[in-house]
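Visitor: Okay, here's the structure, questions in a sec.
The values are calculated or read from the model by the stated rules, or taken from the named source; none is laboratory data. If you're wondering where the values come from, they're calculated on a predicted model, not measured in any experiment. Virtual Cβ from ideal backbone geometry, glycine too; neighbours counted across all protein chains shown. The protein model used for the area step is the full one, side chains on, heavy atoms only, and it has no ligands, DNA or RNA in it. Shrake-Rupley method; radii C 1.70, N 1.55, O 1.52, S 1.80 Å.
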Amino acid sequence: MTQSRTAIGIDVGGTGIKGAGVDPESGEKLTSRHKVLTPAGARPEDVAREVGAMAAAIRAELVASGRAAEDARLPVGVTLPVVVRHGIVRTAANIDASWIGLDAHALLSEAIGSECLVVNDADAAGVAESAFGAANGQSGATLVLTFGTGIGAAFIYDGALVPNFELGHIELDGHPIIERHAAAKVIEREGISLDEWAARVARYLGHLEKIVNPDRFVIGGSISKSADQYLPFPGVTVPVVPAHFRNNAGIVGAARLAAHPA
Ligand code: BGC
């Protein structure tokens, strides 16, 4: 029995809720990947119910495989696609507005039946990439950007997370919220080509390069799987690497943070 090497990560997105048992020391997945659709409207009580049920199902799988004792207190980390400060939700760009001001730590801990850690989705992805992935062992400043429904950002310095970098919400070239112009979702919404999207992202990264000065960019989110079709970005001088974790970054990072809170 290796209880300290067992945690649960659950990643709540606007479209799906995904989770798994994870070894927080290696990032290895210990169970199957659980997935349900995010309840329509993504209202807090509906999401909490699904998160609670998923945590119980993952836990049952860990117990059945002998990776956790029946009565073990497992670290559980949950991501939300919002700014979370000290467990309280501060923004809600792509989920129901009633999350704003809510004590997500209390709500989700109650639904799960034990203390959980709540973290921004991109921050969790950044932790996964820094601890086990594309930025593993790298010193200095790493900016992990996740391109999906929105644009998430995680700033990691010498392996430590600086949370809640909301770089998808800056104004650029007359676009008041840049994620509405350059998130991966825009390809489908506006019917633009991958090349057109990549040109938008190249401009965005060129701008971020000037204001944040990272040592490297890591490109994650749903679009990272086709990185060979759009990298390198013209005009971006800082190294740009695709994320190591594709759809599991949030799960792995949430589990890692729950086991090793910053
Ligand atoms: C939210 C961020 C989130 C990102 C990716 C943005 O709209 O403001 O907090 O990390 O979407 O889900």
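Visitor: For the range 111-183, what is the accessible area per residue in Å² when the probe is 1.4 Å?
Guide: 36 Å²
Visitor: Given the rule -39500 (n - 2.57) for each run of at least 4 DSSP H residues, summed and divided by the residues of the chain, what is its mean residue ellipticity at 222 nm, to the nearest 500 deg cm²/dmol?
Guide: -9500 deg cm²/dmol
Visitor: If you don't mind, there's one more thing I want to ask. Within straight cross-link reach of residue 210, meaning Cα distance under 17 Å, which aspartates and glutamates are found once same-chain residues fewer than 8 apart are removed?
Guide: 166, 171, 173
Visitor: Report, ordered by chain and residue number, the aspartates and glutamates lying within cross-link reach of residue 29, taken as a straight Cα distance under 13 Å and ignoring same-chain residues fewer than 8 apart.
Guide: List returned: 61.
Visitor: Based on DSSP, what percent of beta bridges with both residues in the chain are antiparallel, to the nearest 5?
Guide: Close to 60 percent.
Visitor: Need one number: the % of Cα-Cα pairs in the range 75-215 sitting beyond the 20 Å mark.
Guide: 52 percent
Visitor: Roll a 1.4 angstrom probe over the protein heavy atoms and tell me the percent of accessible area of the chain that is carbon or sulfur.
Guide: 50 percent
Visitor: How many angstrom lie between the Cα centre of the range 187-247 and the Cα centre of the range 47-91?
Guide: Centre-to-centre (Cα) distance: 31 Å.
Visitor: A further question follows. Could you tell me the convex hull volume per residue, in Å³, taken over the Cα atoms of the range 166-209?
Guide: Spread over its residues, the Cα hull of the range 166-209 gives 64 Å³ apiece.
Visitor: What per residue convex hull volume, in Å³, comes out for the range 146-262 when only alpha-carbon positions are used?
Guide: 106 Å³
Visitor: Please compute the Kirkwood hydrodynamic radius of the range 1-134 from all pairs of different C-alpha atoms, in Å with one decimal.
Guide: About 14.8 Å for the range 1-134.
Visitor: What percent of all Cα-Cα pairs in the chain falls in each 5 Å bin, counting up from 0?
Guide: Using 5 Å bins, I get a P(r) of 1, 7, 14, 18, 19, 16, 12, 7, 3, 1, 0, 0 for the chain.
Visitor: Counting Lys +1, Arg +1, Asp -1, Glu -1, what net charge surrounds residue 260 among other residues with beta carbon under 13 Å of its beta carbon?
Guide: Within the 13 Å Cβ shell, the charges total 0.
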